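Data block below; observations after.
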Amino acid sequence: MVAASESLTLPTLPEIIDGLPNICGSESLVETVVKNDRPVFLPTSNIDIQNVKATFAIALHMQQPIIPAGSNGELISNLQYMFEHSSEGDNHNAAPFAHCYSRMADMICDLVSRGKNPRVMLDYSGNLLWGLRQMGRGDVIDNLKRITCDRTYQPYVEWLGTMWSHAVVPSTPIPDIKLHIRAWQHHFAAIFGWEALARVKGFSPPEMHLPNHPDTLFEFVKALLDCGYRWVMVQEHSIETLTGQPLQYKHLPHRLVARNSQGETLSITALIKTQGSDTKLVAQMQPYYEAKTLSRQTLGNVSVPPIVTQIGDGENGGVMMNEFPGAFMRAWEEMGNDVVSVTGTEYLELISSIGCTAEDFPTCQAVGQHQIWEQVNSKYAPDAVNNAIAFLKQNNPNFHVDGASWTNNLSWVKGYENVLTPMNQLSALFHQKVDPANTQSSNYRQALLHNLLLQTSCFRYWGQGVWTDYAREIYRRGEKILTDNF
């Protein structure tokens with residue numbers, strides 16, 4: 001983490017500037033903080049990794065979109081809209097949702113006070129964090145600060161980075177991928193401080209959506225590495241071996257290899273999220289019970305405990321709202337020392353401490369890429385990759401490079417041209433108009449905000465109608481800002 005003397009020299013970032021979230025303007029400071037190789041959890045971990053049979057890691061994903069639906073059309077959190085329109089749909093869940101965003105702090109503090117050894121990973125979108133502050137729910141953020149900034153609780157909680165505006169990576173314009181990643185880091189540091197940001201080393205892609213187009217995946221991995229991330233969580237059916245086969249053992253860390261159309265390669269550690277998106281897997285503590293059936297495995301020349309990794313919506317659905325707290329608390333009551341919970345970074349640091357390195361991890365790539373590389377046949381060039389993709393699409397109607405996520409029965413591309421077209425147009429206008437060296441200006445922040453907001457996956461996930469109308473309105477406002485102010 002950031003050394004005490006170093007943290008004193010860094011200015012405290014304001015969380016809100018001119019009514020907007022602080023998502024840009026101090027990029028050099030952010031880069032300084034995140035580019036560190038110091039161990040995060042190892043100095044405080046109380047897990048004897050040599051005598052553990054298996055481990056599991058649970059992450060909770062939290063998101064609420066920002067929508068142009070205030071009383072005068074202003075941008076507000078969808079959670080605020082739910083509170084103000086409680087009779088619509090399932091908006092009566094607004095209060096339980098707000099409680100879910102806060103309650104992990106109470107649960108962790110309670111368990112630690114009783115001598116238990118809990119773990120949880122938290123994935124909160126920037127949209128949600130800004131929305132909570134904007135609607136006056138600083139109590140939720142303050143509760144989260146307890147388990148984030150108090151050293152008593154830091155060993156038990158890991159924050160995961162994500163795309164600031166919950167954009168699915170495969171259909172995000174490539175120049176904006178890093179903007180989302182950096183905006184989240186920037187905003188997180190403004191809320192929780194530099195030391196907290198220095199501990200964020202794992203990344204959770206929205207919807208577990210992993211790009212499988214070679215150039216998009218390469219730029220995604222490059223952005224993660226540039227932004228100081230050590231590992232990324234991926235869905236098991238979104239990846240394959242380098243020979244195009246399903247993974248042989250999904251409970252071990254892998255090395256995700258990204259090769260672009262020029263033949264350049266990068267890699268990053270991947271922890272494999274198992275099974276689908278059913279929140280029951282987390283709510284009923286399935287990762288713990290699955291880990292109890294596993295035994296140590298050999299990686300390289302080292303025996304390591306496997307890890308069962310799972311993420312679910314932390315608030316969505318009755319099972320998470322009602323069943324998860326009891327199941328989560330009970331698990332620690334019955335847990336012994338042979339099967340234990342870890343956070344992702346803690347696990348990787350622990351196995352590294354006994355001699356297991358990333359070079360020992362089995363390799364994987366995005367699903368479908370083996371077919372592409374077979375067609376390219378080592379003759380790397382953009383045309384070769386594009387021709388291979390066109391050939392495969394023509395001869396296999398199931399082949400696509402839209403990416404893969406937690407479910408195969410939903411596309412964030414097909415049928416959403418009325419959102420994707422303006423989304424790409426606004427992105428292109430943004431990069432044409434703005435000066436990337438002038439990120440501290442109010443105009444830049446306004447333009448960046450609208451560009452990122454338009455890419456929120458909810459405007460496609462929730463179907464045609466009011467949600468696509470929201471997207472069109474954000475586009476209109478973003479276009480006006482870029483046309484009038486630049």
Residues (among the polar types (S, T, N, Q) and in a loop (DSSP other than H, G, I, E, B)) located in the stretch 237-264: Thr241, Thr243, Gln245, Gln248, Asn260, Ser261, Gln262
Look through Lys116, Lys178, Lys201 and report the one residue that is on the phi < 0 side of the Ramachandran plot, assigned by TED's automatic domain parsing to the domain that holds Lys35 and more than 19 Å from the chain's Cα centre (by Cα). Lys116
Kindly indicate whether any position in the stretch 258-275 is closer than 18 Å to Val34 by Cα, touching a residue at least 60 places away in the same chain (Cβ under 8 Å) and under 17 Å from the mean Cα position of the chain (by Cα). yes
First in the stretch 32-53 and of a type in the set (D, E, K, R), second anywhere and outside any loop (DSSP other than H, G, I, E, B), Cβ under 7 Å, 6 or more apart: Lys53/Val339
Qualifying residue in the stretch 454-471 (condition: at pLDDT 95 or above and either assigned by TED's automatic domain parsing to the domain that holds Thr265 or of a type in the set (A, V, I, L, M) (or both)): yes
Given Ser277, Ser267, which one is within 24 Å of Gln371 (Cα to Cα), out of contact with any Pro (no Cβ under 8 Å at 6 or more places or on another chain) and either at pLDDT below 95 or not in a loop (DSSP other than H, G, I, E, B) (or both)? Ser267
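A quick yes/no check of all residues on (1) at pLDDT 95 or above; (2) under 30 Å from Val308 (Cβ atoms):
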| position | (1), (2) |
| --- | --- |
| Ser77 | yes, no |
| Glu88 | no, no |
| Ala98 | yes, yes |
| Arg103 | yes, yes |
| Asp150 | yes, yes |
| Val157 | yes, yes |
Can you name the residue in the stretch 382-404 that is touching a residue at least 40 places away in the same chain (Cβ under 8 Å) and among the small types (Gly, Ala, Ser) and, of all such residues, is surrounded by the most Cβ atoms within 10 Å (Cβ to Cβ)? Gly403
Which ones in the stretch 257-273 are buried (at least 18 other Cβ atoms within 10 Å of the Cβ) and of a type outside the set (Gly, Ala, Ser)? Val257, Arg259, Asn260, Ile268, Thr269, Leu271, Ile272, Lys273
Filter the stretch 187-238 for residues that are of a type outside the set (Gly, Ala, Ser) and out of contact with any helix residue (DSSP H, G or I) (no Cβ under 9 Å at 6 or more places or on another chain); the one that is surrounded by the most Cβ atoms within 10 Å (Cβ to Cβ) is Val221
Does the stretch 313-329 contain at least one residue that is on the phi > 0 side of the Ramachandran plot and either crowded, with 24+ Cβ neighbours inside 10 Å or at pLDDT below 95 (or both)? yes
Qualifying residue in the stretch 225-236 (condition: in a helix (DSSP H, G or I) and in contact with a His (Cβ under 6 Å, 6 or more places away or on another chain)): no
Per the list (1) modelled with pLDDT of 95 or more; (2) under 30 Å from Leu225 (Cβ atoms), residue check on Pro170 breaks on (1)
Being in contact with a strand residue (DSSP E or B) (Cβ under 6 Å, 6 or more places away or on another chain) and assigned to a helix (DSSP H, G or I): is that true of Val308 here? no
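The values are calculated or read from the model by the stated rules, or taken from the named source; none is laboratory data. Not measured: the values here are computed from a predicted model. Here the Cβ is made from the backbone with ideal geometry for all residues, glycine too, and neighbour counts use every protein chain on show.
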